[in-house]
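Peer 1: Let me give you the structure first, and then I'll get to my questions.
The values are calculated or read from the model by the stated rules, or taken from the named source; none is laboratory data. Keep in mind the model is a prediction, meaning the values are calculated, not measured. A quick note on method: Cβ atoms are made from the backbone with ideal geometry, for glycine too, and the neighbour counts reach across all protein chains shown.
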Amino acid sequence: MKRVYNFSSGPAILPLEVLKQIQEELLDFNNSGMSILEISHRSKTYDAVIKETEKDLREIMNIDSNYKILFLQGGASRQFSDIPLNLAKNGIFAYITTGQFSEKAYKEAKKYGKAYEIASSKDKDYSYIPDCSNLDIPYNADYVYICDNNTIYGSKFHTLPNTKGKPLVADVSSCFLSEEIDIENYGLVYAGAQKNAGIAGLTVVIIREDLIQDILPISVATMSHYKIQVDNESLYNTPPTFSIYVFGKVLKWIKSVGGLKEIQKRNVEKAKLLYDYLDKSKLFIPLIRKDSRSMMNVTFKTTSDELDTLFCMEAKKEGLVDLKGHRSVGGIRASIYNAMPIEGVKKLVEFMKKFEDSVDEDKLIK
Ligand SMILES: *Cc1c(COP(=O)(O)O)cnc(C)c1O
């Protein structure tokens with residue numbers, strides 16, 4: 001078996017232990033004589049899986065019962081519309097746009113009410129997180145929206161916005177379970193599982209109870225109504241059974257290594273290795289301002305597009321794959337999610353040094 005170091009932004013690397021466990025029990029789950037892929041979502045066996053997954057998530061993230069947890073389909077993008085539809089009271093929404101995913105969410109919200117862009121980093125190609133300590137927030141805004149970690153650009157909110165009492169809604173798709181957070185700071189957080197927490201098909205929504213509304217100003221599809229999903233414990237219809245099962249395995253893995261405290265420690269260490277090198281390199285240039293950098297998606301470039309391409313090609317030969325930047329940004333992106341071992345990052349940095357040494361002097365930064 002040959003495994004590479006996979007730097008894909010998502011679907012992305014999973015812990016090897018998790019993959020092995022899935023393989024081991026794929027044909028016979030818990031002595032049922034059936035695969036998890038074949039079991040009814042209404043069965044006792046499956047009920048135990050989904051219940052335990054929720055329990056583990058609550059334990060790992062320290063989530064109290066005043067927050068509800070939903071296991072939904074439709075990807076993170078589905079939430080771009082479901083959030084304004086479900087959270088609307090006055091139909092006034094405040095958006096901070098720091099990249100493509102928050103732009104998309106903002107655009108979607110405009111369809112269902114009055115959405116305001118209260119801050120943005122568009123002016124500098126989304127290379128930083130704006131100061132959000134004293135923003136002009138409409139007094140009747142239903143919520144303030146952010147994309148916490150910008151997967152494409154490689155930036156991250158290190159200080160949450162001052163929402164002046166409004167609920168904070170955060171797309172945490174690419175930083176979900178990467179560090180300790182205080183859920184009480186948020187009204188709603190959601191994540192597509194395929195970045196840092198599992199596989200495609202599952203979106204986890206964590207929502208404070210008081211934001212869930214029975215009657216909505218604009219009626220929505222039944223499947224999109226949080227209240228229906230909460231009342232049915234994510235089993236209104238067939239949930240993404242296998243994706244939830246994999247998510248459960250990832251949660252067990254997080255617990256086994258020491259929880260979010262240990263995960264965060266590892267992530268800090270991995271990101272530091274890479275950024276420290278980037279900051280002193282004469283070939284590689286980090287794309288994000290120092291105070292706004294992501295621990296999960298590290299973006300950079302060399303002094304030319306040709307060298308970027310050559311670098312990714314040569315890296316692939318060394319078993320360092322999927323380093324090409326997002327098609328709209330170019331350059332190079334190393335996604336170093338929870339499951340990326342530090343050895344993978346060390347190997348990447350060593351290869352970068354070797355590559356830098358091989359480049360002609362006149363192509364280096366003076
Ligand atoms: C990938 C991603 C999305 C989109 O996720 P889908 O599940 O493909 O809809 C949204 N937000 C962030 C931050 C992402 O990284």
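A quick yes/no check of all residues on (1) hydroxyl-bearing (Ser, Thr, Tyr); (2) farther than 26 Å from LYS270 by Cβ; (3) within 14 Å of the ligand (Cβ to nearest atom):
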position: PHE101; (1), (2), (3): no, no, yes
position: LYS107; (1), (2), (3): no, yes, yes
position: LYS111; (1), (2), (3): no, yes, no
position: ALA119; (1), (2), (3): no, yes, no
position: LYS122; (1), (2), (3): no, yes, no
position: ASP136; (1), (2), (3): no, yes, no
position: ALA141; (1), (2), (3): no, yes, no
position: VAL172; (1), (2), (3): no, no, yes
position: GLU184; (1), (2), (3): no, yes, no
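Peer 1: In the stretch 205-215, what residues are crowded, with 17+ Cβ neighbours inside 10 Å and in a loop (DSSP other than H, G, I, E, B)?
Peer 2: Within the stretch 205-215, ILE212 is the sole residue that qualifies.
Peer 1: Quick one: how many residues across the stretch 335-352 are among the basic types (Lys, Arg) and either without any contact (Cβ under 8 Å) to a residue 12 or more places away in the chain or in the same structural domain as ILE199 (by TED's automatic domain parsing) (or both)?
Peer 2: Here the count works out to 0.
Peer 1: Could I ask something else about it? Of the conditions (1) within 16 Å of the ligand (Cβ to nearest atom); (2) under 24 Å from ILE183 (Cβ atoms), GLY248 clears all except one; give me its number.
Peer 2: (1)
Peer 1: Checking the conditions here, which among LYS156, LYS195, LYS164 is in contact with a strand residue (DSSP E or B) (Cβ under 9 Å, 6 or more places away or on another chain), touching a residue at least 24 places away in the same chain (Cβ under 8 Å), more than 15 Å from the ligand (Cβ to nearest atom) and among the charged types (D, E, K, R)? So that I can check it myself, show each step before the final result.
Peer 2: Details: LYS156 fails: more than 15 Å from the ligand (Cβ to nearest atom); LYS195 fails: more than 15 Å from the ligand (Cβ to nearest atom).
Only one candidate passes the filter, namely LYS164.
Peer 1: Please determine, by comparing only the residues of the stretch 56-77 that are within 16 Å of the ligand (Cβ to nearest atom) and not in a strand (DSSP E or B), which one is nearest to LEU188 (Cα to Cα).
Peer 2: ALA76
Peer 1: Hey, ASN62 hits all of (1) on the phi < 0 side of the Ramachandran plot; (2) surrounded by fewer than 21 Cβ atoms within 10 Å (Cβ to Cβ); (3) not charged (D, E, K, R) but one; which does it fall short on?
Peer 2: Evaluating ASN62 over (1) on the phi < 0 side of the Ramachandran plot; (2) surrounded by fewer than 21 Cβ atoms within 10 Å (Cβ to Cβ); (3) not charged (D, E, K, R) leaves (1) as the failure.
Peer 1: Go through the residues of the stretch 9-22 one by one and say whether even a single one is more than 30 Å from GLY319 (Cα to Cα), part of a helix (DSSP H, G or I) and either within 16 Å of the ligand (Cβ to nearest atom) or out of contact with any Lys or Arg (no Cβ under 6 Å at 6 or more places or on another chain) (or both).
Peer 2: Checked the stretch 9-22: no residue is more than 30 Å from GLY319 (Cα to Cα), part of a helix (DSSP H, G or I) and either within 16 Å of the ligand (Cβ to nearest atom) or out of contact with any Lys or Arg (no Cβ under 6 Å at 6 or more places or on another chain) (or both).
Peer 1: OK, next. Return the residues of the stretch 67-112 that are basic (Lys, Arg) and free of Cβ contacts under 8 Å to residues at least 40 places away in the same chain; say none if nothing qualifies.
Peer 2: Listed by number, the residues that qualify are LYS104, LYS107, LYS110, LYS111.
Peer 1: Hey, another quick one. Please go through the stretch 320-348 and pick out each residue that is surrounded by fewer than 17 Cβ atoms within 10 Å (Cβ to Cβ) and part of a helix (DSSP H, G or I).
Peer 2: Hits for the stretch 320-348 are ILE342, GLU343, LYS346, LYS347.
Peer 1: Taking the stretch 335-358 as the region of interest, how many residues are in contact with a Ser or Thr (Cβ under 8 Å, 6 or more places away or on another chain), farther than 16 Å from ILE263 by Cβ and of a type outside the set (D, E, K, R)?
Peer 2: Of the residues in that region, 1 qualify.
Peer 1: A further question on this structure: Anything in the stretch 78-99 that is out of contact with any His (no Cβ under 9 Å at 6 or more places or on another chain) and within 14 Å of the ligand (Cβ to nearest atom)? List them, or say none.
Peer 2: ARG78, GLN79, PHE80, SER81, ILE83, TYR95, ILE96, THR97, THR98, GLY99
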